[in-house]
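Report on one structure; see the data block that follows.
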Amino acid sequence: MSRFAFALLAAAALAGPAVAQEAKNFNGPFIGAQLGWQQDRQSLDLGTVPPSTVRAKGDGFAYGGQIGYDFNLGSAVLGVETSLTGRTGSNRFPTFDLEAGRTINVTARAGWLVTPEGLLYARGGYSNARFSVTNPAGGAENRDGYTVGAGYEQMLGKNVSARIEYAYSDYGNDSLPGIGGGATLNYHRHAVMTGVNFRF
């Protein structure tokens, strides 16, 4: 009988770490969806005499999905993620309209578990966005840039989490010859997104 009890205790001791490891939050692969608000801001620096700047900003509804992987290191979490989003709306300048299309982000994040179910994190990485001139003439380009942000993610159940996140993105500038002696168009973006992740 004592040998049987000892065997049970030994089995429990061996199984304990495995169970604890399986119970880690924010660990392993996930896939999810996101939506929220996005504001594109462009400034057109005109090479006139004297120089002048024309600014435009447009709000839109943003939507998309993400896939990634988290590494739970105890109190800290590291992760990688790829996302694809789209948005509505366009920005209007006096002589043309500029519409934002799809955006691809490849980012890393580092976070701290403020509770076993709550993660506060920062994110940063590569971003590629598509912009189209819709008026008066057509034309589109994909612009490389970077994105940085911060957010909070909360476990809602064993395999489901929800998050809210702010991000800033910069896509550099274009030189546009022939507009009042030349001009520079700068691309910036602010976004507040909510999302849900399903974990495996």
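The values are calculated or read from the model by the stated rules, or taken from the named source; none is laboratory data. In this text the structure is predicted, and so the values were computed from the model without any measurement. All Cβ positions, glycine included, derive from the backbone under ideal geometry; neighbour counts span all protein chains shown. We work out accessible area using only protein heavy atoms, side chains counted, and drop any ligands, DNA or RNA first. Shrake-Rupley method; radii C 1.70, N 1.55, O 1.52, S 1.80 Å.
At a glance:
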read-out	value
Linear extension gain, LEU84 paired with ALA108, 0.36 nm per residue minus alpha-carbon span	7.1 nm
Carbon + sulfur, % of accessible area of the range 84-196 - ligands and nucleic acids excluded, 1.4 Å	61 percent
Label-to-label distance, nm, for residues given as ILE164 and ARG41 (7 Å Cα→Cβ offset)	2.1 nm
For the range 185-200, 3J(HN,Hα) per residue [Karplus equation, 6.51 cos²θ - 1.76 cosθ + 1.60, θ = phi - 60°, Hz, x = Gly/Pro]	9, 9, 10, 9, 8, 10, 8, 10, 10, 10, x, 10, 10, 10, 10, 10
Nonlocal amide H pairs with ARG102, under 5 Å, H built at 1.01 Å	ARG130
Global form of the range 51-150, assessed from the alpha-carbon gyration tensor, a/c cut-off 1.5	prolate
Gain upon complete extension [LEU156, ASN186; 0.36 nm per residue less C-alpha separation]	6.8 nm
Per-pair calculated FRET efficiency, R0 = 30 Å: SER132 and PHE200 via Cβ, rounded to 0.05	0.25
